[in-house]
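Structure, as structure tokens:
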Amino acid sequence: MSDQTQTLPKVTIHFAGDSGDGIQLAGSQFTNTTALAGNDLSTFPDFPAEIRAPMGTVAGVSGFQINFGSEAIETPGGRPDVLVAMNAAAYRKNIGNLKSGGVVVLDTAGFDKRNLKLAGYQPDENPLAHKPDHLQFYEIEVTKLNREALSDLELGRKEQDRSRNLFVLGFLYFLYHRPLQPTLDFLRDKFESQPVVWEANKRSLQAGHHYGDTIEALTRYRIEKAELPPGEYRNVTGNVALSLGLLAASVRSGRHLFYAGYPITPASDILHELSRHKNYGAQTFQAEDEIAAITAAIGASFGGQLAVTATSGPGMALKTEGLGLALMLELPLVVVNVQRGGPSTGLPTKTEQSDLQQALYGRNGESPLPVLAASSPADCFQTAFEAARIALEHMTPVILLSDGYLANGSEPWRFPSSEQLNPIQPPLAKNPQDGAAPHRPYRRDERLVREWALPGQAGLEHRVGGLEKEVETGHVSYHPENHETMVRLRAHKVQNVAADYPATQLVQGSEEDNLLIVGWGHTLGAIKVAVRRMREKGHKVAQLHLKHIWPTAQDLPALLQSFPQVLVPELNDGQLIHLLRDRFLVDAQGLHKIQGRPFLADEIENEALKMLSND
Amino acid sequence: MTETPPTKYKAKDFSSDQEVKWCPGCGDYSILSQMQKVLPELGIARENIVFVSGIGCSSRFPYYMNTYGMHSIHGRAPAVATGLKLANPDLSVWVITGDGDGLSIGGNHLAHLLRRNVDVNVLLFNNEIYGLTKGQYSPTSEQGKYTKSSPLGSLDHPFNPLAFALGSDASFVARTLDRDPTHLRDVLQAAEQHRGTSFVEVYQNCNVFNDGAFQIFTDKKQKAAHTVSLVPGEPLLFDEGRKGLKINGLKPEIVDLQAGAAHDELWVHDPEDPAKAYLLSRLFGEEEPRALGILYQEERFTYEQAAQNQLQKAQEVIGPPDLDSLLRGKHSWTVS
């Protein structure tokens, strides 16, 4: 027994095991407990596209990484400090990634002959016989000890082994001085109707914790609370935050939410989350396909609701024609693309930023529309609220880009109170007085926004459609000059959205710096870490991160042109960089990674340093 | 919803200020005119009526109705209508589609609309041709049809729209004709009064690209021998009472009453019998009379009603909306 405790500023733990081993549950419980303990954190799950890939193989390894600390945490961490490996495959896949001096926690039962073979080791090869010297190992007979702890319960072997993940979790809680109570509360709620399962889960967690107490000369770790800005916090994933942003926009606009979706990874969780909140008058419609999802949303928008559909790359391709219709009808609509690796079916569970140009340009005809990108799991809330605001107040479809990394990743969120959220004011048409002139559905206000007249309003009966509209009346018109006028009006209306933006702010640095790194989407954290490190070393590097990608902010050109060098890191082969070069004649350089994996801060730092040294 | 009681409308109140641009002699004119005549009789406030269409000649229909309307995109009107009806269940929503729009590019949406039983009325104008694209064979064209895209004859076996609707579990299935205004009006009225999706196939003549496709069902001299009118509780008689239909096992049989067939053996129309409705839909050959009228009708819970009930139940179970508590979630903490 020992109680030697060391204090660390931050730790990165990578949980890995078979996709049936309960890795995501262990990871999310560790996250929840850590958040409640007051640390800053960031998480990233990494799972195979198959539900149950062949057991015990490297292809079937499911991972969950958490980076937490008493200092500001911007990313789920690069190389982990701790690897939890439930089997040989999980070990094999991740061991090379571990930091020097790192810790390995493993279940020895996962390293038997069969598991070693499934993991692809040679018959005479046992990785535990040749462990890297620089790592510290906790080889625990998890399966055996766990079975012993549950031996008097009426459970088969298979059922007993199901809570192995909780044994390991209990051990980690011991190692990092975390309380068991939040997880016990969660398990009690989850298994309310299955008393034996609840008992088993509780015992496994406690047994893992007690086990830690029995090890000689064990070093435990303490990670102090982080200094976060004062306020109320909760932990949140991107998809949940996005859903809450939509619900909040519904409440603050007084328009019921209508969400239509077709199941697709990694967007489905938005459908799952929203379908739990029907008490907000929010309807969720699981459509027969992606096209029906967007067109049903258009129908609901015509009927006066805050209409939203979400999907991922391939589904976005299917929604293209519907987007064009919504743009022509000038109806509010939010279309969320939770990007994943493409093209085609691509990498469904991996992350990428390769649908930006699709969002900007992927429609027939002259068809610009607002495009926004969320930059962190918690930021998905504000960005969804903002997308809904723009759609409703400017009567336009809006594309919101998220991605797999944001959708499933989590972080603490200082949530706002409802009063901190500005009311959203859609341009609803007033009921006409008797004898009023006929309703002109495409009459515009000074922002070029038309009115929203809803079926059921007497005297405002009108027809809309995908054919070109006559200015003001909205009648079908093939007149050449009218078409050009309408194309320009629609584009100008979208441009006017930029008038609402706050002044563009640098995330770090100033206009006096030599290099500006411009990002969008989930790369915010990695770029932040890279820029912070460089600035600490005295390099004159600034950071800018774009939320509103189209229309671009009015003060953006001047800001970009004030820097001698501009670097645009993107998880694609160069998409935002084309927009910046085309629009602003900026000689920007790109940094591209197309591996389905996020940037490491090092990669950005190295590229930036190269640019600075060439200067 | 408006509180004004429905005014007493006239047909012209439903006519928009837009010039109707179908080809002279097109069957669509008749359908438009009967629609404008039947709506005043239904007692629905004009502002509560919405016509939603896809793409094709028939889909221009909403522009000519002085109601709310949307000319949407090809094949998707059933999905648009579903979203609209869910958003506002008080509306009277009509889907105007054609054989190409509804059964080819939009077949998927139509099938799902029917099975869900959203309370909208679908009018499928069937002219057995692609008219707006100037004369290609459609999914209801007869096999071997010579058209611009099938100079050697089309290879496709045609859809039977009513069998399609019944197979999709539609709760109201009817067939009528552009050339029989009274019948058309009666069917439209019944379709609107039905709670659930009403599927109405309208045989519509395209006098430019497929003239006379339904002539034997509309021509005064021929129609009696080729059509059978469905009246609930009445025997299936045609050819001016000379012939009738009976069911032999699961097989419809034409019987000659003049040759001594007994009147009491005849098949009596029961629109609530789905098996018999299917047999009626299969009267599709050249020798068999085509059934006109309501083949099938059942009372079934509607989708938007079920959706509304869930919203209400959620309020009762979860409680009224409370944005602050929603944002706070189950596990929050305070940093001071």
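No lab work stands behind these numbers, since they all come straight from the coordinates. Since this is a predicted model, take the numbers as computed values, not measurements. Cβ sites come from the backbone with ideal geometry, for glycine too, and all protein chains shown count toward neighbours.
Data overview
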{"quantity": "Separation between Cα centres of the stretch B:278-336 and the stretch B:32-99, rounded to whole Å", "calculated": "20 Å"}
{"quantity": "Size of electric dipole in the stretch B:142-299: Cβ of Lys, Arg +1 and of Asp, Glu -1, about Cα centre, debye, nearest 20", "calculated": "460 debye"}
{"quantity": "Debye intensity ratio I(q)/I(0), log10, the protein assembly as shown, q values 0.04, 0.05, 0.06, 0.10 Å⁻¹ (C-alpha model)", "calculated": "-0.25, -0.38, -0.53, -1.14"}
{"quantity": "Rg(Cα)/(2.2 N^0.38 Å) for the stretch A:175-223, N = residue count", "calculated": "1.34"}
{"quantity": "5 angstrom amide H check on B:M65, placed H, neighbours 5+ away", "calculated": "B:S16"}
{"quantity": "For the stretch A:1-50 versus the stretch A:397-441, the gap between their alpha-carbon centres in whole angstrom", "calculated": "36 Å"}
{"quantity": "Within chain A, helix-based [θ] at 222 nm, where runs of 4 or more DSSP H residues each add -39,500 (n - 2.57), nearest 500", "calculated": "-11000 deg cm²/dmol"}
{"quantity": "In sequence order, calculated HN-Hα J values of the stretch A:250-263 (Karplus, 6.51, -1.76, 1.60; Hz; x Gly/Pro)", "calculated": "5, 5, 7, 9, x, 10, 4, 7, 10, 10, 10, x, 10, x"}
{"quantity": "Hz values of 3J(HN,Hα) by residue in the stretch A:480-488 - Karplus curve (6.51, -1.76, 1.60), Gly and Pro given as x", "calculated": "x, 5, 4, 4, 4, 4, 5, 4, 5"}
{"quantity": "Residue mean of other protein chain beta carbons inside 10 Å, A:277-286", "calculated": "6"}
{"quantity": "Tilt relative to chain B, helix B:77-87 - C-alpha long axis, 0 to 90 degrees, to 10", "calculated": "40 degrees"}
{"quantity": "Built amide H within the under 5 Å cut-off of A:T311, gap 5+", "calculated": "A:V336, A:N337, A:V338"}
{"quantity": "The stretch A:1-101: mean projected area of Cα convex hull, nm²", "calculated": "7.3 nm²"}
{"quantity": "Order by protection proxy (mean Cβ within 10 Å, highest first), peptides A:50-58, B:40-48, A:83-91, A:191-199", "calculated": "A:83-91, B:40-48, A:50-58, A:191-199"}
{"quantity": "Amide hydrogen neighbours beyond the local backbone of A:Q508, cut-off 5 Å, H modeled", "calculated": "A:Q543"}
{"quantity": "HN-Hα J in Hz across the stretch A:200-213 - Karplus 6.51, -1.76, 1.60, θ = phi - 60°, x for Gly and Pro", "calculated": "4, 5, 4, 5, 4, 4, 5, 4, x, 5, 4, 4, x, 5"}
{"quantity": "Tilt relative to chain B, helix B:107-116 - C-alpha long axis, 0 to 90 degrees, to 10", "calculated": "70 degrees"}
{"quantity": "Tensor-based shape of chain B (alpha-carbon gyration tensor, a/c under 1.5 rounded, otherwise prolate or oblate)", "calculated": "prolate"}
{"quantity": "The stretch A:444-531 - Rg and Dmax from Cα coordinates, angstrom", "calculated": "21.3, 61"}
{"quantity": "Order of A:F137, A:F68 under a 10 Å beta carbon neighbour criterion, fewest first", "calculated": "A:F137, A:F68"}
{"quantity": "Degrees between helix A:313-329 axis and first principal axis of chain A (Cα, 0 to 90, nearest 10)", "calculated": "20 degrees"}
{"quantity": "The stretch A:415-476 - charge dipole about Cα centre, Lys and Arg +1 at Cβ, Asp and Glu -1, debye rounded to 20", "calculated": "80 debye"}
{"quantity": "Hull-based mean projected area of the stretch B:24-146, where the convex hull spans the alpha carbons, in square nanometres", "calculated": "7.9 nm²"}
{"quantity": "Fully extended contour minus Cα-Cα distance, from A:R414 to A:L609, at 0.36 nm per residue", "calculated": "66.8 nm"}
{"quantity": "Gyration tensor verdict on the stretch B:160-269 (Cα atoms; rounded if a/c is under 1.5, prolate if a/b is larger than b/c, oblate otherwise)", "calculated": "oblate"}
{"quantity": "Order of A:L205, B:L283 under a 10 Å beta carbon neighbour criterion, fewest first", "calculated": "B:L283, A:L205"}
{"quantity": "Nearest-0.05 FRET efficiency for A:L585 and B:S336, computed from C-beta distance (R0 56 Å)", "calculated": "0.70"}
{"quantity": "Qualifying lysines (Cα of each under 20 Å from Cα of A:K469; at least 8 residues distant if same chain)", "calculated": "A:K493, B:K21"}
{"quantity": "Ranked B:S154, A:S402, B:S138, criterion: other C-beta atoms within 10 Å, fewest first", "calculated": "B:S154, B:S138, A:S402"}
{"quantity": "Bridge type composition, the stretch B:1-155 - antiparallel percent by DSSP, nearest 5", "calculated": "15 percent"}
{"quantity": "Shape category assigned to the stretch A:231-366 from the gyration tensor of Cα positions, a/c cut at 1.5", "calculated": "oblate"}
{"quantity": "Cβ-placed point charges (K, R +1; D, E -1), dipole of the stretch A:113-260 about Cα centre in debye, nearest 20", "calculated": "500 debye"}
{"quantity": "Partner aspartates and glutamates for B:K10 [C-alpha distance under 12 Å; skip if fewer than 8 residues away on the same chain]", "calculated": "B:E41"}
{"quantity": "Rounded to 5, the percent of DSSP beta bridges in the stretch A:309-428 classed as antiparallel", "calculated": "5 percent"}
{"quantity": "Alpha-carbon centroids, the stretch A:209-281 and the stretch A:498-534: separation in whole Å", "calculated": "26 Å"}
{"quantity": "Given B:K221/B:K243; A:K350/B:K330; A:K10/A:K225; A:K99/A:K131, the pairs whose alpha carbons are separated by over 20 Å", "calculated": "A:K350/B:K330"}
{"quantity": "Cα-Cα over 32 Å, subset of A:K158/A:K593; A:K117/A:K528; B:K37/B:K85; A:K144/A:K593", "calculated": "A:K158/A:K593; A:K117/A:K528; A:K144/A:K593"}
{"quantity": "Positive-end residue, the protein assembly as shown charge dipole about Cα centroid, Cβ charges, pick of A:M486, A:F584, B:G144", "calculated": "A:F584"}
